[in-house]
Amino acid sequence: VIDPDEALRAYAGRWSDTEPAPPDLDQALVRARRSRRRRRPVLLAAACTLVLAAGLVIATHAHPGSDPATPPSAPTSVSSAELARLRQIAMRAAVNAGDRYASADAVRTTVRRYESLQNGTDPGGADGPIWVIQLHGDLLVDSGWMGPTNPPPPGPYLVFSVAIGHTSTGFDGTSRHAVDLARLGTVVHLLKGRVLAPTIERLRELATTTAANNGDPDAHVEAVRTTYAAADALADAVDPAIADRHPVWLIQISGDFMCNTCRGPGPQPRGHYIAMTVSSVGRGRSTDGFFSLTDTRLDLGRLGRVITLR
Amino acid sequence: VTSDLDTARPTDVFAEFVRPHWDVMTRLARRLAGDDWEDVLQDALALAWRTRAGYDPTRGSARTWLLVLVTDQARKAMRRRRPLLELVDDPVDSVADRDLDMERAVRSLPERQRIAVELFYFLDLPVADVAAAMACTEGTVKSTLSDARGNLRARLGGSYR
């Protein structure tokens, strides 16, 4: 049992111990003073931007058939160093989203071109070169999300952008649908991905053992990656307000079962469906899961992409 | 020093005004703004420089004033940017994994709860100073912190009680 107050103090202490020295105040102050003087050039730059934007609008209207998301004809040339950096970013994002074996593709484009593809219209405003990276796997983002839905729905695709020369990312959330990166330019394959990841093998082994222990070694097994709260709500519909967003796998085993480990008065419970949660693999987390044996089949498809394990 | 903060002040006097609080400003920017912390810190300093004539020492300490500026700039940055997927190293042990969970849980708190947590736990400010920085009473800070801890319990689940 961990007290959040103590845990916060302990973590804050560890965070402070690793904190680097603050930046030089005098240099920062020089920049602060310059920022005041820069107002006039900024206004001038803004005026120039407006003129250019107006010209762009006129040019776009002069060619009504033009598609702002049309890719450039020239192929993308990527240095090996840039490719390595992108692969590292994609791998970290995949690990953070719970599937280190996700595949990843990238395309070099601009902010406005990407926004145009996403929204169907050119948003105008500032532009700049970016990489758009798309992951495909069993992805789930359980925190760090500030969108309208909380948490975002799980989905097999995750798209984010990386500014050229920076590591910060603009993140668009998980989705059930892929973004057609080819419309933005030449697609670069970053991570190949794997289908039979060790995670899947572990789940399959666990489910097979559970099925055999409960009397049906030939059972059908499927799983979906979700949160504990969502799994609990789907399985029990008792307390959908549970806010435990730990990522878990919800496994459903279909067969003819008798609970061999249940203890209590009366006959051993029987049923055709076992539902159980397993903590997300690869995060070293222990989650209080549940195990149920009933005759009610759960519609796992409501929670995300269903994987058939056996 | 603070009573002389006006537009005619030399830069070095302003620097000495800020210097005792520069470290805590930096820490707050790092906590609240993630990768954007340098921009947030710089913007807050620039704003402090531009508005130094408006600083009223009778309404609060210099530290509180500067922290409010950092918080405001961080809030703007949070609302301006897209939601971020934090790129962190893969945790290699249970403590690092637990810290990662805590960090994510803190970042997912509602804005005021998160600011209260950052000021109280990570900047180690007393409740009175947190109240001054958040422009509310000490009782409100305590209840906000209590709500935040409740939210963290729910978010972290498992053995957090």
Let's test the formula: R0 of 56 Å, r as the Cβ-Cβ distance of residue B:19 and residue A:178. What FRET efficiency results, to the nearest 0.05?
0.60
Taking each residue in B:145-152, count the Cβ atoms of any other chain within 10 Å of its Cβ, then average. What number comes out?
2
Would you tell me the mean number of C-beta atoms belonging to other protein chains that fall within 10 Å of each C-beta in A:16-25, as a whole number?
4
How far apart, in nm, are two points set 7 Å out from the Cα along the Cα-to-Cβ line at residue A:202 and at residue B:142?
4.4
Within-11-Å neighbourhood charge of residue A:221 [Cβ basis; K, R +1; D, E -1]:
-2
What does the charge add up to near residue A:204, with Lys and Arg as +1, Asp and Glu as -1, over the other residues with Cβ less than 13 Å from its Cβ?
-1
Let me know the mean shielding of B:98-109 by other chains, meaning the per-residue number of their Cβ atoms within 10 Å of its Cβ.
6
Point-to-point label distance, residue A:126-residue B:56, nm (Cα→Cβ direction, 7 Å offset):
3.4
Take peptides A:19-28, A:226-235 and line them up by average Cβ neighbours within 10 Å, highest first, as a rough protection proxy.
A:226-235, A:19-28
Output the peptides B:47-57, B:62-72 sorted from most to least packed, where packing is the average of other Cβ atoms within 10 Å over each peptide's residues.
B:62-72, B:47-57
Extension length gain for residue A:209 and residue A:299 (0.36 nm per residue less Cα distance), in nm, is 30.1 nm
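Only the coordinates and a few stated rules stand behind these numbers; no lab work does. Note that the coordinates shown come from a computational prediction; the quantities given were computed from them, not determined experimentally. Positions of Cβ are backbone-derived with ideal geometry, glycine not excepted, and every protein chain shown enters the neighbour counts.
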